[in-house]
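Here the structure comes first, spelled out in C-alpha cells, and everything after it is commentary.
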Amino acid sequence: MNDKLRYNQPDARGHFGQHGGIYVAETLMAALDELRVEYEKAIADPDFMAEYRYELAHYVGRPSPVYHAKRWSELLGGAQIYLKREDLNHTGAHKVNNTIGQALLARRMGKKRVIAETGAGQHGVASATVAARYGLECVVYMGAEDVARQSPNVYRMKLLGATVVPVTSGSKTLKDAMNEAMRDWVTNVDSTYYIIGTCAGPHPYPTLVRDFQCVIGEEAKVQMQDMIGRHFHPYVEVPGVRLIGVEAGGHGVETGQHAAPLTTNAKVGVLHGQRSYLMQDANGQIVETHSVSAGLDYPGVGPEHSYLKDIGRAEYVAINDDEALKAFHDLCRFEGIIPALESSHALAHAAKIAPTMAKDQVLLVNLSGRGDKDIPTIAKLDGIQL
Amino acid sequence: MSRIQKTLAALKADCRQALIPFITAGDPRPGLTVELMHALVKGGADVIELGVPFSDPMADGPVIQRASERALAHGVSLRDVLGMVAEFRKTDAGTPVVLMGYANPVEAMGYQVFAQAAVAAGVDGVLTVDLPPEEAEECAATFKRHGIDPIFLLAPTTPVSRIQAVERLASGYVYYVSLKGVTGAATLDVASVAAKLAELQSYLSVPVGVGFGIRDPESARAVAAVADAVVIGSRLVQEVEAGEAGLAARLTEFLASVRAAMDTARR
Ligand SMILES: Cc1ncc(COP(=O)(O)O)c(C=O)c1O
C-alpha cells in the first residue's frame, strides 16, 4: 500500500472534479481574480504567514487541545472518543481561524469594509471580532429566522461594532443571508471584502477557507496520530484514516425536512458561485431546508466534500435533530462541555458508532464550537423560559 | 442569421436602437404573461427579455426578487416559461424572445434537452446571469448548435483581458451592466457608461445593449445615444406590481413614451 494517497485539488480554475468552479455574475469576476492572485501571493509571503500564525497563537489561543472524552467513551462502551477543542478558541468556534486569515488578506488588499453571511452567528461573530481587531467596518447578513433563534450572537456582533442586517427573503436562513451578502458585494465591490465563512462559494473561496482551517487538522495530526477530523483536508492523504462527514438530518431524511444533500444523493446544481450537490426540486428551484442548528441549515455543501464523496475518500451520514440534541445533553452531563448544536451532530454520530467499535479504536471529533449561543434554543425546546 | 441578429441589423441600418423590455414570466400570474408580452410589442419592444423565476435571484434587487416570488408562488417552472413563449409565438413570429435567468433551472433540465425545447418554443437567446464564459463553453456551444444566441454580460469591472473571452462565445448581443449593483438600483451614470462602452466596442463585433438603472424616457434616450440597445426591467416590473387593473395598457403606454424619446436620440 502506498503510504500517501495522491491528492491535488482543485484545478487552476477551482474545480474539484465536476464540482466547484466560478458561477457568478460578470461584475464579480475581476474581484475574484484579484482575490485569487492576492491570496496566492499572501500565502507565499513569510511575513503574512508569520502574522497569521502569531494571531492564531496569541489572539485565538491556539493550538486548541485534543481532549480524551474518557467518561463518555466508557459509558458508550466502545471506541475512544477524542475531541478537538475548537470550542475553546476565542469567539467560541473554529470560524475565527478563517476570519483572521481573510481579514489579514482584506487589509493587505486595502479594503476598509468587510461583509459576511452567517447562520448560527458564529461566523458573524468571528467576522465582527476580527473587524474590530483590525479596524474594519463590518456588515453581517443573517436570516431573520436565525436572528431570532441565535439572539445571543446577534447582540455579541453589535457589541463588537458590526451592523447586523436581518434578511427576510426566501427561507430567512443562511442561504438567503448569502444571497444578500452577494448583492452587497456586487454593489460595493471596490471597497468591500467578502469574508465567506465556509469552504464554499466561487473559487478561490473553497480553497482559501480550507487552507485557513487546515490548522485544525495539522495540529490534530501532531497531537495524535491516525485519527479523523471534521476539517478533513490534512487527513485526506493519510491512508487508513476513515473520514466521516456528518450532515444535518433535521426531522429525518425521509421527511424531506433536512439539510443533508450528500446523504440523500441530491443532484448536482449551481448556487452561490459553485457547482456541487444541491437540494432542489425537479425544476431546479432550491428547496427550503430544516435543521435545529442554524449553522447547518443550508441546501448545499462545499465542492470539496462533494468531490471526496465522488472519489469515495469520505463517507457522509446524517444525524437528526433529536439525536443531535441527545448528544448535546450527554456531553454537558458526562464531560462538562456544552457543545454547539452543529458540533452535536458529529458527536451524535460518534456516539452511534463508538459502541460498534473496539475499545482500542479511536474516533476524533472536531468539536467545532461551544453551545452558549444555543442556550435559548435548547431552553425553548425544554419548555423553559429564561 | 438569427431572429435577434436580423432585428438588430435592421434597426442599425435604420440608425435606430433596440428597445428591450424585461418582465418576469408568470408575474403576477402565469395566465397574464403572453398578453403582457404582446402589450410590450405594441409599445415598441424590439426584443423581449423574459425573466425565468428562480428561488435565489442573487443578482436582482427587491423589485425583481418579488416578481420571482410571485411567479414561484404559482409554481412557474422553466417548462412553463417555454410554454408561454410558444403561446406568444402563435401570434407573433417576428419579435425575438430572450430568456434571462440563473443557471440552475437550465442545469436541472440539462442543456441539450433545454436547447431543443427552447428552440421548439421559439426562444431566440438565453442569458444565464451566473454562467460566466469560463464555465459556459459547453452550454454556449449547445445553444449555438440549436440556433440560440448565448447572451453574456459585461460589467464596469470587466477588464480588457476578459472582453475577448466573452466575444468568443457571445452572439446576438452582449448585455452591458451599467453599474456595480443589482437590478433596480438607481445610480446610472451615463457619462461613465459612455466611456466604458467606447472601450468595449473597440473589441466587440456584436451589438451592445445596456441595462440596469434605466427607468424613464430621459435615461433611455441618453443611453440610446451611446449603445445599440436599451434594456428596461425593474421599472416595468414595478408597473406589474402596482396591480392588474389596466396593466397591459400601462405597459404599452410607458414603453411608447420611452420609444419616442429614444427615437429623438438618432445618431
Ligand atoms: C459551531 C459550528 N460548527 C460548524 C459549523 C459549520 O461549519 P463549516 O461550514 O466550517 O463546516 C458552524 C456554522 O455556523 C458552526 O457555527
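What follows is calculated from the coordinates using simple rules that are stated; it is not laboratory data. Keep in mind that this is a model prediction, so the values were computed, not measured. No Cβ is skipped: glycine too gets one built from the backbone with ideal geometry, and neighbour counts run over all protein chains shown.
Just how far, in whole angstrom, is region B:166-191 from region A:180-213 if you go by their alpha carbon centroids?
Cα centroid of region A:180-213 versus Cα centroid of region B:166-191: 22 Å apart.
Give me the compactness ratio for chain A, meaning the Cα radius of gyration over 2.2 N^0.38 Å. Before the final figure, lay out the partial values.
Values: Rg = 19.4 Å, N = 386, 2.2 N^0.38 = 21.2 Å.
My calculation over the Cα atoms of chain A gives 0.92.
Considering only C-alpha atoms, what is the centroid distance from region A:282-305 to region A:67-116, in Å?
Result: 22 Å between the Cα centres.
Averaging sequence separations of C-alpha pairs under 8 Å and six or more residues apart, then dividing by the length of region A:322-386, give the relative contact order as a whole percent. Kindly include the intermediate steps, with their values, before the conclusion.
On the way: 66 pairs, mean separation 21.2, N = 65.
Over region A:322-386, the number comes to 33 percent.
Between the alpha-carbon centers of region B:220-259 and region A:139-170, tell me the distance in whole angstrom.
Here the answer is 37 Å between Cα centres.
What are the lysines whose alpha-carbon lies under 25 Å from the alpha-carbon of A:K112, with same-chain residues fewer than 8 places away excluded?
The qualifying lysines are A:K41, A:K95, A:K158, B:K180.
What ranking do A:K84, A:K309, A:K326 get, fewest neighbouring Cβ atoms within 10 angstrom at the top? Kindly include the intermediate steps, with their values, before the conclusion.
On the way: A:K84 29, A:K309 22, A:K326 16.
Listing A:K84, A:K309, A:K326 from fewest to most nearby Cβ atoms yields A:K326, A:K309, A:K84.
For every helix of n ≥ 4 consecutive DSSP H residues, a contribution of -39,500 (n - 2.57) applies; sum these over chain B, divide by its total residues, and give [θ] at 222 nm rounded to the nearest 500 deg cm²/dmol.
On the way: 12 runs with 129 residues, N = 267.
It comes out at -14500 deg cm²/dmol, rounded to the nearest 500.
Could you give log10 I(q)/I(0) at q = 0.07, 0.09 Å⁻¹ for the protein assembly as shown, computed by the Debye formula over C-alpha point scatterers of equal weight, without solvent?
-0.47, -0.75
Modelled label-to-label distance, A:T255 and A:L159, 7 Å Cα→beta-carbon offset: nm?
Computed distance between label sites A:T255 and A:L159 equals 3.4 nm.
Considering Cα pairs under 8 angstrom that are at least six residues apart, work out the relative contact order of chain A and quote it in whole percent. Spell out each step's value before the answer.
Details: 811 pairs, mean separation 83.4, N = 386.
For chain A, the relative contact order is 22 percent.
What FRET efficiency, computed as 1/(1 + (r/R0)^6) with R0 = 51 Å and r the Cβ-Cβ distance, is obtained for A:K41 and A:N265, rounded to the nearest 0.05?
Working: r = 40 Å, r/R0 = 0.78.
Calculated value: 0.80.
Fewest to most neighbouring Cβ within 10 Å: what's the order for B:T187, A:T187, B:T158, B:T24? Mind dumping the intermediate values first?
Details: B:T187 11, A:T187 18, B:T158 22, B:T24 33.
Ordered by Cβ neighbours within 10 Å, fewest first: B:T187, A:T187, B:T158, B:T24.
Considering the Cα positions of region A:326-386, please state its Rg to one decimal place and its Dmax as a whole number of Å.
Just the Cα atoms of region A:326-386 yield Rg and Dmax of 12.9, 43 Å.
May I ask you to sort A:H58, A:H123 by Cβ crowding, counting other Cβ atoms within 10 Å and putting the fewest first?
Working: A:H58 10, A:H123 29.
With the sparsest Cβ surroundings first, the list reads A:H58, A:H123.
FRET efficiency for B:K6 and B:S202, Cβ-Cβ distance as r, R0 = 25 Å, nearest 0.05?
Details: r = 25 Å, r/R0 = 0.99.
Between B:K6 and B:S202 the formula returns 0.50.
Using only helices, what value at 222 nm comes out for chain A when you add -39,500 (n - 2.57) per DSSP H run of length 4 or more and divide by the total residues, to the nearest 500 deg cm²/dmol?
Details: 13 runs with 150 residues, N = 386.
Counting only the DSSP helices, I get -12000 deg cm²/dmol.
Full extension from A:E137 to A:M49: what is 0.36 nm times the residue separation minus their Cα-Cα distance, to one decimal in nm?
Using 0.36 nm per residue and subtracting the Cα-Cα distance, I get 29.3 nm.
Ranked highest first by average number of other Cβ atoms within 10 Å, how do A:22-31, A:196-205 line up? Walk me through the intermediate numbers first.
Details: A:22-31: 23.7, A:196-205: 26.0.
Listed from highest to lowest mean packing, they are A:196-205, A:22-31.
Helix by helix through chain A, keep the DSSP H runs that span 15 Å or more along the axis on Cα and average at least -1.0 on Kyte-Doolittle, and give those back in order. If you can, show how the numbers build up before the last one.
Details: long enough: A:29-43 (21 Å, -0.01); A:95-108 (20 Å, -0.33); A:122-134 (18 Å, 0.09); A:174-187 (20 Å, -0.61); A:205-223 (28 Å, -0.10); A:321-335 (21 Å, -0.65); A:341-353 (18 Å, 0.30).
Qualifying helices: A:29-43, A:95-108, A:122-134, A:174-187, A:205-223, A:321-335, A:341-353.
What average number of partner chain Cβ atoms lie no more than 10 Å from the Cβ of the residues making up B:104-111?
Numbers: counts 13, 7, 2, 10, 11, 3, 0, 0.
That works out to 6 on average.
Please list B:66-77, A:350-361 highest first by mean number of surrounding beta-carbon atoms within 10 Å per residue. Walk me through the numbers on the way to the answer.
Details: B:66-77: 20.3, A:350-361: 15.3.
Highest to lowest by the protection proxy: B:66-77, A:350-361.
Skipping prolines and chain starts, which residues have an amide H placed within reach, meaning under 5 Å, of the one on A:I81, given they are 5 or more residues away or on another chain?
Amide H to amide H, under 5 Å and 5 or more residues apart or across chains, A:I81 pairs with A:A69, A:S73, A:L363.
Need the list of aspartates and glutamates near A:K175 for cross-linking: C-alpha distance under 12 angstrom, and skip anything on the same chain fewer than eight residues off.
Hits, sequence-local ones excluded: A:E117, A:E145, A:D146, A:E288, A:D297, B:D56.
Just how many % of Cα pairs in region B:3-262 lie over 25 Å apart, if you round to the nearest whole percent? Let's see the in-between values first.
Working: 12494 of 33670 pairs.
Roughly 37 percent, once rounded to a whole number.
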